[in-house]
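The values are calculated or read from the model by the stated rules, or taken from the named source; none is laboratory data. Being a predicted model, the structure only gives us computed values, none of them experimental. Cβ placement follows ideal geometry from the backbone for every residue including glycine, while neighbour counts extend to all protein chains displayed. Side chains included, ligands, DNA and RNA excluded: accessible areas come from the protein's heavy atoms. Shrake-Rupley method; radii C 1.70, N 1.55, O 1.52, S 1.80 Å.
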Protein chains: 2
Amino acid sequence: MKKKIDARKNLRRIILNLHQYTAGRSIQEIAVKYKIDPKKILKVGSNENVLGSSQKALKAAKNALDRVNIYPQVASDDLANKLKKIYKLKHVDVFAGNGMDHIFEMLARLFLNNGDETIICPPTFSCYELATLWSGAKPIFVPLLKPDYQLDVKNILKKINKKTKIIFLCSPNNPTGNSMKLRDIKAILESTDKIVFLDEAYTEFGNRPLARWVDKYPNLVIGRTFSKIYGLAGLRIGYAFMHKSLGTYYKNSITPFVVSTVAQAAAISALDDKEFLNKTRKMVKLGKKYYYKELKKAGIKFLSSNANFIAINTAPLKGKSVTDKLMQKGIITRECSAFGKGGENLVRITIGTKEQNKRVMKELKDIFV
Amino acid sequence: MKKKIDARKNLRRIILNLHQYTAGRSIQEIAVKYKIDPKKILKVGSNENVLGSSQKALKAAKNALDRVNIYPQVASDDLANKLKKIYKLKHVDVFAGNGMDHIFEMLARLFLNNGDETIICPPTFSCYELATLWSGAKPIFVPLLKPDYQLDVKNILKKINKKTKIIFLCSPNNPTGNSMKLRDIKAILESTDKIVFLDEAYTEFGNRPLARWVDKYPNLVIGRTFSKIYGLAGLRIGYAFMHKSLGTYYKNSITPFVVSTVAQAAAISALDDKEFLNKTRKMVKLGKKYYYKELKKAGIKFLSSNANFIAINTAPLKGKSVTDKLMQKGIITRECSAFGKGGENLVRITIGTKEQNKRVMKELKDIFV
């Protein structure tokens, strides 16, 4: 006699309380929801490169399709070696991941037991919290200090205890766009042996990359991505700089074949495409200048940004009411309530071309002025 | 005064004991090691499709490159919907993963706390053990019964206790190639509420796929892949059938954007390429017939296979000594000690074209006869 099976009782308790990930909206989704011709929809919600992808990368990707019946390099060695060469790193290993998300999952695998703690500084990228929760660890939140959204170093250090394993930092921070002060990052690194993870997804838009710091601070791990300036979000590839003393363990625990052949090939070639990078940087720089001027003129509050996006402060309006209105006009931006405390009144807008930025500004004025 | 940082003390204890994943050897690797022209190396070690990839899939993949600056669908909905339609599933959800490995990691995320147990039946695919260990859970081994490598149902059921969360089955089994008896799988499903994961990576080569069983057994999860018959190993895409009662939780915990745009597009088109599948099946069928005949003639022991590979029994020789000799001749096969107890004397050979099979047989005869 077969009893009725309830497979749910095998679920971990932590899983029962999760909600679906709040992703940026897609053109497909908005086209259906608001009955808008997809061609007329402008997506400036996910900080993708509106200029497309590096053509060099695409050419390499296309060639790589000829051999996708074969498994990829098990740990993306060619790409890792190229990056080590570029950054002239001695005591630092490089590991590629299936997007930077996979780097977070690897950090969780390496460092987080059930019951451990991580420190997260909201408003910031929500995936640090997810990786923490999935591991059965507990995120401890130390909000960025207003009005500049800088690190609350004193409180971060105060929250460190025996259970703490990883401190997640993001610079330039997503979604506020500002870079963290180097002296603050340094102060944290000088004060603790805990893993300090620094997300540099947007560093190519203006920051000095801190890869070399890993030589000096073996507890520093840096995450990077090909999804932003390189325009390869759809291929899923990111990477990490990690001190050799940890690298061995990372290598022993890495998911085999985690990055596709096509993504590895594209990334290797993208690194050589200085022209595409410069073109993108120039567009983003001009775009931010335009936004700063026009937002100021319109009396809309905003945060200065070192990334390829700009966050406007919609208070007293909720960010969501603003993004909803923009969506009805066929413009996808990102409201930031999913980025944690302090995100409810922020709307993140990816810098686009001159025409795209103008279109966004026109609608913003209609909403705010 | 800065003390010397030892970041390693943050590592989880389980990570300290892991060894690097034993992947099948690549052509690149062997070319360097044995100084052989890569063009002369035959790779029949990783059960890839020697006929290449579905051309329909490659065409779709190429087109998808035009939009890789944009993030992929967050949970591969188009592919999932297509698979649901093909299999006419009512109470079953479909989830795509970054290769089937990502499905294992998701199972671990959903079900495994530190200290839990899984049941694994060696010799079999080593990634079940890895996913278990990474979660801080403990693999309990119940070896397949010799000489037929069938499930030891009685012992599997005996090992189930409060800590048991997942029972990993593989049919056709990797590396032995035989299908598990349906009545054994059923007996396990009828006797327990624990999650039963069935790896059907090779099912397209002869098995009846069991997707419909998930309707009846909500604790059954089935894994599938595009890496084998579809020839898309380099793109990293697999998927799972899971009962809707668990699907909600899977959806809430899935890594966002885990499958690349290119892989999603290729997979959707590959499903329509019946011609490529039939051509592959025919080649594999003829190839196995050839091997059976020739191996018998040569007095080399082997196991009958329902997959696209064949395992030969090298006893009293170690499998490794045989694969090493083949490698010196430019032929990559797979010795199976990494597949757990019982794998030391097995060598797994992917079925190739007529000419490829002949080349392998010639060298095997030189070694054994």
Sorting A:268, A:254 by accessible area (1.4 Å probe), largest first, what list results? A:268, A:254
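With both bridge residues required to lie in region B:55-270, what share of the DSSP beta bridges run antiparallel, to the nearest 5%?
Working: 12 of 29 bridges.
About 40 percent, rounded to the nearest 5.
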In deg cm²/dmol and to the nearest 500, what is the mean residue ellipticity at 222 nm of chain B if only DSSP H runs of at least 4 residues count, each as -39500 (n - 2.57), divided by the residue total? -11500 deg cm²/dmol
Treating cross-link reach as a plain straight distance, find the aspartates and glutamates whose alpha-carbon is under 13 Å from the alpha-carbon of residue B:181, omitting any fewer than eight places away in the same chain. B:148, B:152
Karplus ³J(HN,Hα) for region A:331-338 (6.51 cos²θ - 1.76 cosθ + 1.60, θ = phi - 60°; Hz, whole; x = Gly/Pro) runs 10, 9, 10, 10, 7, 10, 5, 6
7 Å along Cα→Cβ, label-point gaps from residue A:33 to other copies, nm, shortest first: 5.2
Along Cα-to-Cβ, 7 Å out, sits the label point; list in nm, shortest first, how far the one on residue B:325 is from those in the other copies. 7.9
With every protein chain in place, what's the accessible area of residue B:369 (1.4 Å probe, Å², nearest 10)? 120 Å²
Sorted shortest first, the nm distances from the residue B:362 label point (7 Å along Cα→Cβ) to its counterparts in the other copies are 7.1
Across the Cα atoms of the protein assembly as shown, what radius of gyration and what greatest pairwise Cα-Cα distance (Dmax) are found, in Å? 26.1, 88
On each of the three principal axes of the Cα atoms of region B:55-270, give max minus min coordinate, whole Å, ordered largest first. 54, 34, 31
For residue A:176, tell me the accessible area in Å² from a 1.4 Å probe, rounded to the nearest 10. 0 Å²
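Given a Förster distance of 60 angstrom, what is the FRET efficiency for residue B:59 paired with residue A:158, based on the Cβ-Cβ distance and rounded to 0.05? Could you put the intermediate results ahead of the total?
Working: r = 58 Å, r/R0 = 0.96.
E between residue B:59 and residue A:158, to the nearest 0.05, is 0.55.
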The answer for residue B:93, listing residues at least 5 apart or on another chain whose modeled amide H is closer than 5 Å to its amide H, is B:242, B:243, B:244
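For region B:185-227, build the convex hull from the C-alpha positions and give me its volume per residue in Å³. All intermediate terms of the calculation are to be shown ahead of the outcome.
Values: hull volume 2.9 nm³, N = 43.
Each residue corresponds to 67 Å³ of Cα convex hull volume.
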Rounded to the nearest 0.05, FRET efficiency between residue B:304 and residue A:13 (Cβ-Cβ, R0 41 Å) equals 0.35
Top of B:172, B:209, B:122 by mean-square fluctuation, Gaussian network on chain B, Cα under 10 Å: B:209
Could you pull out every residue, at least 5 positions away or on a different chain, whose amide H is within less than 5 Å of the one on residue A:301? Hs are placed 1.01 Å off N in the peptide plane, and Pro or chain starts have none. A:313
Residue B:32 versus residue B:341, label points 7 Å from Cα toward the beta carbon: distance in nm? 3.7 nm
Enclosed volume per residue, in Å³, of the convex hull spanned by Cα atoms of chain B: 175 Å³
Skipping prolines and chain starts, which residues have an amide H placed within reach, meaning under 5 Å, of the one on residue A:225, given they are 5 or more residues away or on another chain? A:239
If a paramagnetic tag sat 7 Å from the Cα of residue B:279 along the Cα-Cβ line, which residues of region B:33-59 would have the backbone N under 18 Å from that point? B:48-59
Return the FRET efficiency for the residue pair residue B:6, residue B:114: r is the Cβ-Cβ distance, R0 is 25 Å, and the value is rounded to the nearest 0.05. 0.60
